[in-house]
Amino acid sequence: MTDAQDPKSPQQPNKTESDTSKSATPPLTPPATEAGAAATPASPRGSDYVAPATAATPHPTAKPVAGTAEASSDMPANPDTLTRPAHAPDTPPAPEAAATAAMKPPFQAPTAEVAAERNPIGASSPKPSEGEGETGGAGVTGMGGGDEPLHQPTFGPGAARPGSPASMGTQPSYLQAGDSPWSVLRRITSARFRAWYERAGQRITQRTLKIGISARIFHPEPGSKGLRSKTLQYLEESIAHWVMSRDVLVFMIPTVDTQGLLHPSHIRLHDYAKHLDGLVLQGGADVSPQSYSEVATRHEWQGDRMRDMYELELLHEFVEQGKPILGVCRGCQLINVAFGGTLHQDIATDLPDAIPHVTDTYEHNRHTLTFPEGSSLAQMLGPVDVPIVNSIHHQSVRTLGRDLSVEAVCSEDGVVEAIRYRKAPFVMGLQWHPEFHRAGGPEYLDCTPVLDNFLRAARETRF
């Protein structure tokens, strides 16, 4: 109680409505003199009367809201500004002040200020109560309340992320029970090796073979003009088509001239043997007797010495590379000469009892074959009732070269018709022309198995 409300006080001054309103909202900073006067009013009884000692009730001190004009000391206090009462003392407020305060609505601080007071900077955010993230005061799922930022989970260097095998404490379900890093590594290495092996196998078995065919040479004719006055290198169509019938690529190998005056080149026949998979020596002019150290008995049997030198070098290059070689007619005779053998310059002259092996009918001249015991050619061709081949040659093998074996002979006179070099995967010569007749025809021997064995060897030795 104040002195003004004490019933023992002899006089109680009448207060106007304006005074009542003023007492409801006391000044923010009342002067000390007024507080003293209110606490000890003048006594009308004189100096003999002493008022009972009562504790003066301090007026509540207003606390300006942050950001308002009252926060500045240079501006007067605004009575309409919301204030927040300071900590109330243990002494209860005066009845008149309590009645006045009851008439005002309850104070509600701004949300931001309450949140700031509830969670100051540097303090940990309180955990929301159960269900508050969905329907509580936060209003947004995952928010801590008000304008608080989203909680961002962090993972340290040693922490496992949720859902990883380390966080679950078990190995992935696709691994087998008892798997170790070494067993997984072995399976990975094995799978890589199988993939490489399959790719290498496809490259070996599916890559198109490249077969080289030696060139025929046409020498200039004396006194001719135009094309006949030039040296020509050409390929007979039938031999190329016969080889290509097995879906391989065919390349004619020209002669080389590393010391030529007109167009010198550093390309050698060794380069062709290196990049091609096999060699076919096609037919053509006679082999010169000079190539096996003899002299031609007749002028017309001089042969083609230039072509001999070119094909002998080419043959030896392919033999050194381990590549297969198939000789046809002249090619068969050249294989024999390459390994030190000799030839009959003319069958009719050297073997008068032999049947004609060349006639005006050309590729239609024919005879039968006989295969010696152990002939690899007979194994290639399989069982044949009457093997018939064409005969278009007046030269033949006389003395057999070193490491060569006879694979077939003429049934009527024993003239050598096929030979093979034993110290190479595939070096074989056929004295007849298998390319001149349709494969599998009823009249002539089907030599497609010989071609297939040649190409098989080319594929196996191409690396």
- Restricting the stretch 239-248 to residues that are more than 38 Å from the chain's Cα centre (by Cα) and buried (at least 17 other Cβ atoms within 10 Å of the Cβ), which is farthest from Leu209 (Cα to Cα)? Ile239
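Okay, residues lined up against (1) within 20 Å of Arg459 (Cα to Cα); (2) surrounded by fewer than 23 Cβ atoms within 10 Å (Cβ to Cβ); (3) modelled with pLDDT under 95; (4) aliphatic (A, V, I, L, M):
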residue	(1), (2), (3), (4)
Arg268	no, yes, yes, no
Val287	no, no, no, yes
His299	no, yes, yes, no
Tyr310	no, yes, no, no
Lys323	yes, no, no, no
- Any hit, the stretch 393-401, residues being in contact with an Asp or Glu (Cβ under 6 Å, 6 or more places away or on another chain), of a type in the set (Val, Ile, Thr) and at pLDDT 95 or above: no
- Taking only pairs six or more apart or across chains, which ones have beta-carbon atoms under 9 Å, a first residue in the stretch 401-425 that is farther than 22 Å from Leu445 by Cβ, and a second residue that is of a type in the set (A, V, I, L, M) and part of a loop (DSSP other than H, G, I, E, B)? Asp403/Ala424
- Residue list for the stretch 272-328, restricted to those being over 14 Å from Ile217 (Cβ atoms), outside any strand (DSSP E or B) and among the small types (Gly, Ala, Ser): Ala273, Ser291, Ser293, Ala296, Gly322
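Give me a count of the residues in the stretch 339-380 that are in a helix (DSSP H, G or I) and over 22 Å from Met428 (Cα atoms).
Quick first cut of the stretch 339-380, residues in a helix (DSSP H, G or I) only: 347-350, 362-364, 376-380.
If we keep only those that are over 22 Å from Met428 (Cα atoms) as well, we get 348-350, 362, 364.
Qualifying residue count, the stretch 339-380: 5.
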- Item | Complete set of residues in the stretch 245-266 that are modelled with pLDDT under 90 and of a type in the set (Asp, Glu) | Asp257
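Which one is farthest from Ala457 (Cα to Cα), of the residues in the stretch 199-233 that are among the hydroxyl-bearing types (Ser, Thr, Tyr) and touching a residue at least 60 places away in the same chain (Cβ under 8 Å)? Steps first, answer last, please.
Here is the first cut: in the stretch 199-233, the residues among the hydroxyl-bearing types (Ser, Thr, Tyr) are 205, 208, 214, 224, 229, 231.
Those still in the list that are touching a residue at least 60 places away in the same chain (Cβ under 8 Å) too: 205, 214.
Working: Thr205: 12, Ser214: 19 Å.
Among them, the one singled out is Ser214.
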- Of the residues in the stretch 199-218, how many are basic (Lys, Arg) and surrounded by 15 or more Cβ atoms within 10 Å (Cβ to Cβ)? 2
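Test Arg402 against the stated conditions and say whether it is basic (Lys, Arg) and crowded, with 17+ Cβ neighbours inside 10 Å. Let's see the steps before the verdict.
Values: basic (Lys, Arg): yes; crowded, with 17+ Cβ neighbours inside 10 Å: no.
So Arg402 fails the test.
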- Item | Residue that is surrounded by the most Cβ atoms within 10 Å (Cβ to Cβ) [pool: residues in the stretch 379-399 that are in contact with a helix residue (DSSP H, G or I) (Cβ under 9 Å, 6 or more places away or on another chain) and aliphatic (A, V, I, L, M)] | Val397
- Query: For residues in the stretch 365-378 being within 57 Å of the chain's Cα centre (by Cα) and exposed (fewer than 15 other Cβ atoms within 10 Å of the Cβ), which is nearest to Arg456 (Cα to Cα)?
  - Reply: Gly374
- Task: Go through the stretch 197-223 and give me each residue that's farther than 18 Å from Val250 by Cα, more than 33 Å from the chain's Cα centre (by Cα) and not in a strand (DSSP E or B).
- Result: His219, Pro220, Glu221, Pro222, Gly223
- Query: Which of (1) modelled with pLDDT of 95 or more; (2) exposed (fewer than 14 other Cβ atoms within 10 Å of the Cβ); (3) of a type outside the set (Lys, Arg) is the odd one out, the single condition Leu276 does not satisfy?
  - Reply: (2)
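So which residues in the stretch 196-242 are touching a Leu at 6+ places or on another chain (Cβ under 9 Å) and among the hydrophobic types (A, V, I, L, M, F, W, C)?
Our first condition is that a residue be touching a Leu at 6+ places or on another chain (Cβ under 9 Å); within the stretch 196-242, this holds for 208-220, 242.
Listed by number, the residues that qualify are Leu209, Ile211, Ile213, Ala215, Ile217, Phe218, Trp242.
Does the stretch 249-266 hold any residues that are in a loop (DSSP other than H, G, I, E, B) and surrounded by 12 or more Cβ atoms within 10 Å (Cβ to Cβ), and which are they?
Filtering the stretch 249-266 down to residues in a loop (DSSP other than H, G, I, E, B) leaves 254-266.
Pro254, Thr255, Val256, Asp257 - these are the residues of the stretch 249-266 that are in a loop (DSSP other than H, G, I, E, B) and surrounded by 12 or more Cβ atoms within 10 Å (Cβ to Cβ).
The values are calculated or read from the model by the stated rules, or taken from the named source; none is laboratory data. Small disclaimer: the values here were computed from a predicted structure and weren't measured. Methodologically, a virtual Cβ is constructed for each residue, glycine included, from the backbone with ideal geometry; neighbour enumeration extends over all protein chains shown.
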